[in-house]
Amino acid sequence: MSEPKKPQAPAAGGRASTKKELPEHFKAYKHVWVFIEQERGQVHPVSWELMGEGRKLADKLNVELAAVVLGAEGETVRHAVAEAFCYGADLVYVGADAVLADYRNEAYTAAMTDLVNTYKPEILLLGATTLGRDLAGAVATTLLTGLTADSTELDVDADGSLAATRPTFGGSLLCTIYTLNYRPQMATVRPRVMAMPERVEKPIGRVVEHALQIREADIVTKILSFLPDRDSNKSNLAYADVVVAGGMGLGSPENFQLVRQLAAAMGAEYGCSRPLVQKGWVTSDRQIGQTGKTIRPRLYIAAGISGAIQHRVGVEGADLIVAINTDKNAPIMDFAHVAVVTDAIRFLPMLTDAFKRRLS
Ligand code: FAD
C-alpha cells in the first residue's frame, strides 16, 4: 500500500477550505464507533454521552453508529449490549472472552485493534476516563493513527474528515485537529463535556460477535485481587446535580470550610478552582475546570472565583450559575445567570443557615 500524499498545509486560522480527495484506501473505513466502557458490572455514563455525539456524526456522514462492547461473556456484557441499542446503536460489536473480564491494557488493546483491523471504522470515540485514556493511547499507537485527546467539540468537515476541537495554549485558544493521513480517526472526550442523550427503550438489534484469539499466557499483567476504593469522601462532582465551589477570594483554607458547610446543608458536592489545589487546601479530585472536572449540574454556586477561561470551560454546561463575588466586573459575571456582589465570607454562612432552616 503506497503512502497517502501529504495534505495541503492548512490555511492560517483553520484548515484549507478546498475539498480534498481522500486516499482510495480510506474508502474501506466506514461507520462511527463508540467504545462502551464498563468495569465490574457498571457502564461508565460517558459511553452514552458519546453515543449521543456519535449519532450526530454518523447521521452527517450517512453511515451507521456502532457500539463496541468488550468483557467476559455474561450478564454485564449482555446488559451493555442491550443498553447500547437504547442509546441509539445501529449495531454492536462484541468481543466476549474470559481474558477481558477485568480491564488490562494489553488484552483490551489487542481486542480493540483486532476489531478495528477487521471491520475498519472511520471514527472511533472513547471516554477520556482513566481507563479510556489508557486504552485510547495504546490503540492509537498500535494502529499508527492519530488521536485527539480531551476533545470538547466533534464535527465532520465537508470532505467527511473528523474535526476534533480541544483547548490549547493553556486553554486560551481552541484548535481543531484532523487525522488526514491515517484511519481510523480517534478522539477521546471527558465525562460531562457532551450532553446525555435520551434513552429510548428498544429491542436488541444487530450484534456482531467477534471471536478473539487472545491467550491468557501471552498477557504479562495478572489481576491477583481487587481492592475497592473505600474513600467515601471521594467526589462525584461530574454527575452531581448541585455543586458549590470556592476560589481564592475565600482567602484561607479555614474559610473554604464555609463552602463545604453550604454543600452539606444543600446535599450538594463541593469543588474549587485550581489555585486551591495547588496550595494544598483542597484535594485534586475536587478541582473544576480544564485540568480538573467538567460539571453539568442543575445549580452551580461559585464563591470567590474570578471565572478564568480555564475554569469557565468546566462549568458552562451548568443550567444555573450563581456567582458570589465582591467584584461586579469579574469575568464570571459575563456567564453567570445570577450575580451576588458581596463578600462570600459573610454571605455563605447566611445561605447555609437559610438552607438548614428550610430543611429542618
Ligand atoms: P482569582 O483569579 O484570584 O479570583 C479570586 C476572585 O475572588 C476574584 O474575582 C475576586 O474579585 C474575588 N473575591 C476576592 N475576595 C472576595 C470575597 N471576600 N468574597 C467574594 N469574592 C471575592 N483554574 C481552574 O479553576 N481550573 C482549572 O482546571 C484550571 N486549569 C488551568 C490550566 C492551565 C494550563 C492554566 C495556565 C491555568 C489553569 N487554571 C485553572 C487557573 C486559572 O487560569 C485561574 O488562575 C484560576 O481559575 C483562578 O482561580 P480563582 O478564581 O479562585 O482566583
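Of the listed requirements (1) within 7 Å of the ligand (Cβ to nearest atom); (2) buried (at least 18 other Cβ atoms within 10 Å of the Cβ); (3) under 19 Å from GLY171 (Cβ atoms), ILE321 misses just one: (1).
Note on the stretch 276-300: residues that are open to solvent by 10 Å² or more (accessible area, probe 1.4 Å) and assigned to a strand (DSSP E or B) amount to 3.
Only residues that are more than 11 Å from the ligand (Cβ to nearest atom), crowded, with 18+ Cβ neighbours inside 10 Å and either in a helix (DSSP H, G or I) or of a type in the set (Lys, Arg) (or both) were counted across the stretch 242-259, and they come to 1.
So which residues in the stretch 261-275 are within 16 Å of the ligand (Cβ to nearest atom) and either more than 12 Å from LEU351 (Cα to Cα) or open to solvent by less than 20 Å² (accessible area, probe 1.4 Å) (or both), if there are any at all? If the condition is that a residue be within 16 Å of the ligand (Cβ to nearest atom) and either more than 12 Å from LEU351 (Cα to Cα) or open to solvent by less than 20 Å² (accessible area, probe 1.4 Å) (or both), then LEU262, GLU269, TYR270, GLY271, CYS272, SER273, ARG274, PRO275 are the ones that fit. Filtering the stretch 324-335 to residues that are without any contact (Cβ under 8 Å) to a residue 40 or more places away in the chain and either surrounded by fewer than 21 Cβ atoms within 10 Å (Cβ to Cβ) or near the ligand (Cβ under 6 Å from one of its atoms) (or both) leaves ILE324, ASP327, LYS328, ASN329, ALA330, PRO331, MET333, ASP334, PHE335. Taking the criterion of being among the polar types (S, T, N, Q), near the ligand (Cβ under 6 Å from one of its atoms) and within 22 Å of LYS234 (Cβ to Cβ), the residues of the stretch 286-318 that qualify are GLN287, GLN290, THR291. For the stretch 158-170, the count of residues that are in contact (Cβ under 8 Å) with a residue 24 or more places away in the chain, of a type in the set (Lys, Arg) and open to solvent by 20 Å² or more (accessible area, probe 1.4 Å) is zero.
Contact map, the stretch 289-318: residues that are closer than 21 Å to THR129 by Cβ paired with residues that are of a type in the set (A, V, I, L, M, F, W, C) and open to solvent by 40 Å² or more (accessible area, probe 1.4 Å), Cβ distance under 6 Å, separation 6+ or inter-chain. Pairs shown: GLN290/VAL313.
When ALA110 is tested against (1) of a type in the set (A, V, I, L, M); (2) under 14 Å from SER47 (Cβ atoms); (3) part of a helix (DSSP H, G or I), just one condition goes unmet, and that condition is (2).
So that you can scan it fast, the table gives a plain yes or no per residue for (1) closer than 22 Å to VAL193 by Cβ; (2) open to solvent by 30 Å² or more (accessible area, probe 1.4 Å); (3) of a type in the set (Lys, Arg):
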residue: MET51; (1), (2), (3): yes, no, no
residue: LEU57; (1), (2), (3): yes, no, no
residue: LYS60; (1), (2), (3): yes, yes, yes
residue: ALA66; (1), (2), (3): yes, no, no
residue: THR118; (1), (2), (3): no, yes, no
residue: GLU122; (1), (2), (3): yes, no, no
residue: GLY127; (1), (2), (3): yes, no, no
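The values are calculated or read from the model by the stated rules, or taken from the named source; none is laboratory data. Keep in mind that what you see is a predicted model, and the values were worked out from it rather than measured. All Cβ positions, glycine included, derive from the backbone under ideal geometry; neighbour counts span all protein chains shown. The accessibility values were calculated without ligands, DNA or RNA, using every heavy atom of the protein model including side chains. Shrake-Rupley method; radii C 1.70, N 1.55, O 1.52, S 1.80 Å.
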